[in-house]
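Before any comments, here is the structure.
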Amino acid sequence: MLETSEILNASILVVDDQEANVDLLERMLAEAGYRRIASTTNPQAVCALHQEQRFDLILLDLQMPVMDGFEVMKGLKEIETAGYLPVLVITAQPAHKLRALQAGAKDFVSKPFELIEVLTRIHNMLEVRLLYRKLDEHNKRLEQTVLERTAELRVSEERFKSFTQLSSDWYWEQDAEGNFTETSGPVYEMLGIETKNLAGALPADSTGQWNAAERAQLLANIAARRPFVDFVYSRTGADGKLQYLQVSGEPMFDSGCGFVGYRGIGSDITGRIVRAKGN
């Protein structure tokens, strides 16, 4: 909502080639409490004035010599590229009202002036104009906030990935079908897999390399969308030696709570397990 002071502090330009009409409108506006009133009797100066000051409202007479109100509005359209002309036209010709609205004016008042009508139309038009501006400013601030938060999130994600890379052998992300979408480190070599699947989707003649019970438990965690921390499972390498792998992962969801995959870290802990068993 707008405060009354905001409307009364709006900038208004009065444009009429008749000095008497300008004086009358300026007096009416001042007595109503409006504080920022400018005027000109030269229609050719309007566009330059608006370019410099960006008035909240322009009271524009249509019938003026040299350059009429329609030509002025044409020039104003080149300034107001968003398409909104803050123009309230003044005319004594009823036939000009529709044409003025089609040319971009937002409202009109008739000559001779009726005080209540003029002030009501000015107030209503300023209220719409200022609310429109507030909404536009709010959207711009919101857009900037989103950009800033997105940048912060990207920095945070990069820090997270950097940390996980330092604390593990590999970092991984998978889509909802279990295919790797992002990795860092020798994940495929350490997992001994030929397809991009964490569960170890090996060719049929080599699936026996994995510990079946452990692999089933890992698959169950993934199927249930459960996070898992330091899950250890083993496989027998081509050289006949037992390899121990430790993985941690968490499910990822989109804004609609739809499952989109997993991400996590993994390490080859064979040396640690062998040393522990040796002790």
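Read the figures in this text as sums done on the coordinates, not as results from a lab. Since the model is a prediction, treat every value here as computed from it, not as a measurement. Cβ: placed from backbone, ideal geometry, glycine included. Neighbour counts: every protein chain shown.
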Exercise. Which whole-Hz ³J(HN,Hα) couplings does region 143-158 yield from phi under the Karplus relation 6.51 cos²θ - 1.76 cosθ + 1.60, θ = phi - 60°, glycine and proline marked x?
Worked result: 4, 5, 5, 4, 4, 5, 5, 5, 5, 5, 5, 5, 4, 4, 5, 5
Exercise. If packing is taken as the mean number of other Cβ atoms within 10 Å per residue, what is the order of 256-268, 143-155, highest first?
Worked result: 256-268, 143-155
For this session: Could you check what % of the DSSP bridge pairs in the chain are antiparallel, to the nearest 5?
Result: 60 percent
For this session: Could you compute the FRET efficiency for T40 and N139, with r as their C-beta to C-beta distance and R0 at 22 Å, rounded to 0.05?
Result: 0.10
Exercise. Can you work out ³J(HN,Hα) from phi for every residue in region 223-237, in order, using Karplus 6.51 cos²θ - 1.76 cosθ + 1.60 and θ = phi - 60°, giving whole Hz and x for Gly and Pro?
Worked result: 4, 8, 6, 8, x, 9, 10, 6, 6, 10, 9, 10, 8, 9, x
Problem set entry | Close Lys-Lys pairs in the chain, where close means Cα under 24 Å and separation is 8 or more or interchain | 13
Problem set entry | Additional length obtainable on full extension of the chain from R99 to R225, 0.36 nm per residue less Cα span | 38.9 nm
Problem set entry | Average Cα contact separation per residue, the chain, under 8 Å, 6 or more apart, as relative contact order % | 11 percent
Seminar exercise, completed: Spelling it out for S39: with amide H atoms placed in the peptide plane at 1.01 Å from N, the residues 5 or more places away or on another chain with amide H under 5 Å from its amide H are V14
For this session: Compare the Cα positions of T41, H138, S5 along the charge dipole of the chain (+1 at Cβ of Lys, Arg; -1 at Cβ of Asp, Glu; about the Cα centre) and return the one farthest towards the positive end.
Result: H138
Problem set entry | Check: region 74-170 dipole with +1 on Lys, Arg Cβ and -1 on Asp, Glu Cβ, in debye | 440 debye
Exercise. Do the sum for the chain: with -39,500 (n - 2.57) for every DSSP H run of n ≥ 4, divided by all residues, what is the mean residue ellipticity at 222 nm, to the nearest 500 deg cm²/dmol?
Worked result: -14500 deg cm²/dmol
Problem set entry | Test item: Cα-centred dipole of the chain, Lys/Arg +1 and Asp/Glu -1 on Cβ, debye | 980 debye
Seminar exercise, completed: Which residues qualify? For W170, with a placed amide H closer than 5 Å and at least 5 residues away or on another chain, they are G266
